[in-house]
There are 2 protein chains.
Amino acid sequence: MSASFHAVRGSFFDLLDDPWKYPGREALAARFVPDGLLIIAEGKIVDFGSFTEVSNRHSQVPVTHLPGRLILPGFIDGHIHFPQTRVLGAYGHQLLDWLQNWIIPEEMRYADRTYAQEAARHFFDDLLAGGVTTCQAFTTSSPVSTEEFFAEAARRGMRTIAGLTGIDRHAPAEYCISPQDFYRETKRLIATYHKQGRHLYAITPRFAVGCTHEMMAVCTQLKREHPDCHINTHISENPTEVRLAQAEYPDCHDYTAVYEKYGLLGPRFTAGHGVWLSNSEFRRFAQTGAAICFCPLSNLFLGSGLFRLGRATDPEQRVRLAIGSDIGGGNAFTPIRVLEEAYKVGMCNNTMLDGSVNACEHDAAEAERNKLNAYRGFYLATLGGAHALYLDDKLGNFSIGKEADFVALDWLAGQHAMAWRQSQVCGPEGPATVDQAASLLFGVMACGDDRNVAETWVNGRRAYQKLPTI
Amino acid sequence: MSASFHAVRGSFFDLLDDPWKYPGREALAARFVPDGLLIIAEGKIVDFGSFTEVSNRHSQVPVTHLPGRLILPGFIDGHIHFPQTRVLGAYGHQLLDWLQNWIIPEEMRYADRTYAQEAARHFFDDLLAGGVTTCQAFTTSSPVSTEEFFAEAARRGMRTIAGLTGIDRHAPAEYCISPQDFYRETKRLIATYHKQGRHLYAITPRFAVGCTHEMMAVCTQLKREHPDCHINTHISENPTEVRLAQAEYPDCHDYTAVYEKYGLLGPRFTAGHGVWLSNSEFRRFAQTGAAICFCPLSNLFLGSGLFRLGRATDPEQRVRLAIGSDIGGGNAFTPIRVLEEAYKVGMCNNTMLDGSVNACEHDAAEAERNKLNAYRGFYLATLGGAHALYLDDKLGNFSIGKEADFVALDWLAGQHAMAWRQSQVCGPEGPATVDQAASLLFGVMACGDDRNVAETWVNGRRAYQKLPTI
């Protein structure tokens, strides 16, 4: 037995499959080990199962016991803006005005290395306090922000995806980067960071509206030269933005067609939002293996609209789906709050599809797929997000060989009403069944927040622990 | 100088008028006293103003200093269900199924006095931890729950409105109450509680769908016999419910017409939700002085829909408007979270009214009225709520003679990202101007939660203080 082995004991909950495959029987996609043992070596899961069984195989391994917690795979935030850490919850504008008034001035500050370093410390502290162990992030058009992002991620040992964020129109000159500079700097940053440690690189055209033909063509070239890099961008967040995309790309019949035209849509392509995607566009995402990142905190905060969750999860054309905070359009860092708002968006869709408002829009199956129970919700935050980002070989659950990123949730923490609410499900001894575990987890996503994140472990080590109250 | 005088020093923010009267200049409706002094005697405000000025007049009064806080009038929750304290965040159903599956079984437990007493302790603890000092509450059809509600409110010294909650159809027999029993018990409870101490009584037909003609007629009679009582009910929360109301009252051309038919619509009438009200119905609420309670947490959680905030605040037909958590349809007790969701609903409406989705629905003025800045938001939670409930002679701001209910907000508390976010507005010395105060308060409503409630004072005494972290 290697001296580097260590173990965590507790109640584990994870997903092994897509719960949307099992309507009404979502527990079939889940695994619950009420008294489990996770064996870790060099940041990876080397054994996992019931305590009784696994402890026999690893009798000398030091054990950290986390009673009164539900241990889940670390949360994955598929769409977040590092340089918007400080401007979350900015008042009063829809997407395009909000960008001009609040976001661009703040993002320009990240060309200053000292500021970017301070921000990176805040950013990763905020993520870990929310239970996020992996994110796919936008930076700015200044390489400094990308460098400091990866530097801080490396200090935390976190698996992240990010990339220099290209925009060359509809913004002040000093905020833009030329396609030539973007190409050169992206090449340099890929060489420095991609697949170094836990870093992954995303070629990142900010959004088609903000990118000229030349910028998009450069992205095509970069993807051809670096096919194993991710592509990270935005799509169809806001109706005015959709119209602007149509105006800027008159030869493309819809927004998705722009990314198709430049050969970007496909595996490891993620577009945030997709609120206003047509049925045809959802189908092309599904068929090509491209992913959408659903950002309900932001979609509500900026008034962008209600993402059609039940459409994206149609089994005939199931889209790879992650969730994202979209900080600073989103107003909270923790995926727990993202799931709360995702639930609400789904329930609003459910009403609009049940025929009570408009009989000809009745679709019982799509209405049902909009209901986000805990299995579906935490799938999106863990394995589903990993699947969307083509990281499900490395992340997303407690399967042996995966990386040891996880969160320990305190299901009783949060607002004052939480403990009595959760006492309906089980006593302080904790859940005995997968249904009880899921009921507690629904309580966390419905009524909880970052206070429910008791501990966050990254690469097999405790990276965050919540301060107790006196 | 009476020995019973005492004082609170700090930064005070309140509203003196309706900020919707001053589009773009909402600060005109607000008052900010960066270093103020509030003099309290026997639970009432006897003097208020700048510390320099007021302390001269009251030099011997003991002072509690609350530095680093913004002191606001206590929050008013206009629509909350006491017997749903434990079932907040219940999974998976729209209004009517949610009532049948989750709410009715839980509410029936409140016929047991011991359970109702335990619940009342939780309920008022939860309210105070969220900054609520006054609520208008539903109870159940068992008088026990109303009695225990008022008993616990009296122990806390809180001004509340509540009443036996009548329903006599569309529910199990043991959950219903006959119109005769409802009349008799309501009369008895009014005699016992109405205007005793800080109690006020609301004649409470649960909702027209759940009330027969006989029950509604009894409410007409009760209101005639007790014209100074409130009326508290629901309206147009969910489209299926609206259709059911039309089916049950075929002689009424819309839902509001039911309450008109029975002579209830008018001053001191409050209906929760109003999501699906027509323009004509909004107009009749405005004309009669009836109030709507906007419950966005619940409207999103149950998927009920997006309340038309900008329509309700039309200056041509301004409706009296409160906000409510609608626990347990709502998923958080604090009005801070209610305002967050109210902001989001307003922004979604803003997008739908800006012409970008449907040009013929373009209405720039209504779109603008949907934007909930801090002045508008905290008006709804304080003076606006008091105005809606006809309590603005007693509550809602720091005017001399009003009751001394207030909250001390810590604008830096909450999620990990909060402090750096708020540092954009001002340093730790706190706000110097009304705009800075409002910017911090917008940060609280956009990114905060009950953690921002540092202290809650009721009737001139500290009733809640947040536990510090180590």
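Structural remarks
- Here A:G68 meets each of (1) crowded, with 19+ Cβ neighbours inside 10 Å; (2) out of contact with any strand residue (DSSP E or B) (no Cβ under 7 Å at 6 or more places or on another chain); (3) more than 14 Å from chain B (Cβ to nearest Cβ) with one exception, condition (1).
- Hits in region B:389-442 - residues which are of a type in the set (G, A, S), closer than 21 Å to B:D17 by Cβ and not in a loop (DSSP other than H, G, I, E, B): B:A437, B:A438, B:S439
- Residue in region A:233-244 that is among the basic types (K, R), part of a helix (DSSP H, G or I) and without any contact (Cβ under 8 Å) to a residue 12 or more places away in the chain present: yes
- The number of residues in region A:311-337 being away from chain B (no Cβ under 12 Å) and in contact with a helix residue (DSSP H, G or I) (Cβ under 8 Å, 6 or more places away or on another chain) comes to 15.
- Selection from region B:413-424 of residues that are surrounded by fewer than 20 Cβ atoms within 10 Å (Cβ to Cβ) and within 23 Å of B:V8 (Cβ to Cβ): B:A413
- Every listed requirement among (1) farther than 23 Å from B:D17 by Cα; (2) part of a loop (DSSP other than H, G, I, E, B); (3) under 22 Å from the mean Cα position of the chain (by Cα); (4) of a type outside the set (V, I, T) is met by B:K371 save one, (1).
- Region A:436-470 - residue that is touching a residue at least 60 places away in the same chain (Cβ under 8 Å) and β-branched (V, I, T) and, of those, farthest from A:F123 (Cα to Cα): A:V444
- With respect to (1) touching a Phe, Trp or Tyr at 6+ places or on another chain (Cβ under 8 Å); (2) farther than 25 Å from B:L96 by Cα, the lone exception for B:A291 is condition (2).
- Sole residue being outside the structural domain of A:A271 (by TED's automatic domain parsing) and among the charged types (D, E, K, R), chosen from A:R113, A:R86, A:R25: A:R25
- With respect to the conditions (1) within 11 Å of chain A (Cβ to nearest Cβ); (2) within 28 Å of A:I80 (Cβ to Cβ), B:E368 falls short on a single one, namely (2).
- Here A:I39 meets each of (1) over 21 Å from the mean Cα position of the chain (by Cα); (2) among the β-branched types (V, I, T); (3) over 26 Å from A:R198 (Cα atoms) with one exception, condition (3).
- Test: residue in region B:152-160 that is over 24 Å from the mean Cα position of the chain (by Cα), at pLDDT 95 or above and more than 30 Å from A:G377 (Cβ to Cβ): no
- Picking from residues in region B:298-307 that are among the hydrophobic types (A, V, I, L, M, F, W, C) and at the interface with another protein chain (Cβ under 9 Å from one of its Cβ atoms), the one that is nearest to B:N331 (Cα to Cα) is B:F301.
- Qualifying residue in region A:329-346 (condition: without any contact (Cβ under 8 Å) to a residue 24 or more places away in the chain, outside the structural domain of A:D449 (by TED's automatic domain parsing) and either outside any strand (DSSP E or B) or closer than 24 Å to A:T382 by Cβ (or both)): no
- Taking region A:210-232 as the range and being in a helix (DSSP H, G or I) and surrounded by fewer than 21 Cβ atoms within 10 Å (Cβ to Cβ) as the test, the residues that pass are A:H213, A:E214, A:A217, A:T220, A:Q221, A:K223, A:R224, A:E225.
- Residue satisfying condition, being touching a Pro at 6+ places or on another chain (Cβ under 8 Å) and either of a type in the set (K, R) or part of a helix (DSSP H, G or I) (or both), within set B:R155, B:R188, B:R169: B:R188
- When region A:155-205 is filtered for residues that are over 21 Å from A:H81 (Cβ atoms) and among the polar types (S, T, N, Q), the ones remaining, listed by number, are A:S178, A:Q180, A:T192, A:Q196.
- Test: residue in region B:445-459 that is within 23 Å of B:Y22 (Cβ to Cβ), away from chain A (no Cβ under 13 Å) and at pLDDT 95 or above: no
- Answer residue from region A:82-139, given it is at positive phi and over 17 Å from the mean Cα position of the chain (by Cα) and is modelled with the highest pLDDT among those: A:G89
- The residue list A:G346, A:G324, A:G377 contains one member that is out of contact with any Ser or Thr (no Cβ under 6 Å at 6 or more places or on another chain), buried (at least 23 other Cβ atoms within 10 Å of the Cβ), at pLDDT 95 or above and farther than 16 Å from A:G274 by Cβ, which is A:G377.
- From A:Q117, A:Q94, residue being within 14 Å of chain B (Cβ to nearest Cβ), of a type in the set (S, T, N, Q) and buried (at least 21 other Cβ atoms within 10 Å of the Cβ): A:Q94
- Looking only at region A:297-321, and only at residues there that are more than 27 Å from A:V407 (Cβ to Cβ) and under 18 Å from the mean Cα position of the chain (by Cα), the one that is surrounded by the fewest Cβ atoms within 10 Å (Cβ to Cβ): A:L306
- Consider region B:425-463 and keep the residues that are within 23 Å of B:E403 (Cα to Cα) and of a type in the set (S, T, N, Q). The one that is surrounded by the most Cβ atoms within 10 Å (Cβ to Cβ) is B:N452.
- Taken over region A:76-88, residues that are farther than 26 Å from A:Y390 by Cβ and in contact with a Gly (Cβ under 6 Å, 6 or more places away or on another chain) amount to 2.
- Just so you know, in region B:397-425 the residues that are more than 14 Å from chain A (Cβ to nearest Cβ) and hydrophobic (A, V, I, L, M, F, W, C) include one that is farthest from B:T334 (Cα to Cα), and it is B:I400.
- The requirement of being assigned to a helix (DSSP H, G or I), free of Cβ contacts under 8 Å to residues at least 60 places away in the same chain, within 19 Å of A:A312 (Cβ to Cβ) and touching a helix residue (DSSP H, G or I) at 6+ places or on another chain (Cβ under 8 Å) is fulfilled nowhere in region A:381-388; no residue meets it.
- Strands (runs of 3 or more DSSP E) contained entirely in region B:1-108, each with at least 3 residues that are touching an Asp or Glu at 6+ places or on another chain (Cβ under 9 Å) and free of Cβ contacts under 8 Å to residues at least 12 places away in the same chain: none
- Failed criterion for A:K394 (all others in (1) crowded, with 24+ Cβ neighbours inside 10 Å; (2) more than 14 Å from chain B (Cβ to nearest Cβ); (3) not hydrophobic (A, V, I, L, M, F, W, C) hold): (1)
- Test: residue in region A:355-365 that is of a type in the set (S, T, Y), within 19 Å of B:D97 (Cβ to Cβ) and not assigned by TED's automatic domain parsing to the domain that holds A:D18: yes
The values are calculated or read from the model by the stated rules, or taken from the named source; none is laboratory data. Quantities reported herein were computed from a predicted structural model and do not represent experimental measurements. Note: ideal-geometry Cβ built from the backbone for every residue, glycine included; neighbour counts use all protein chains shown.
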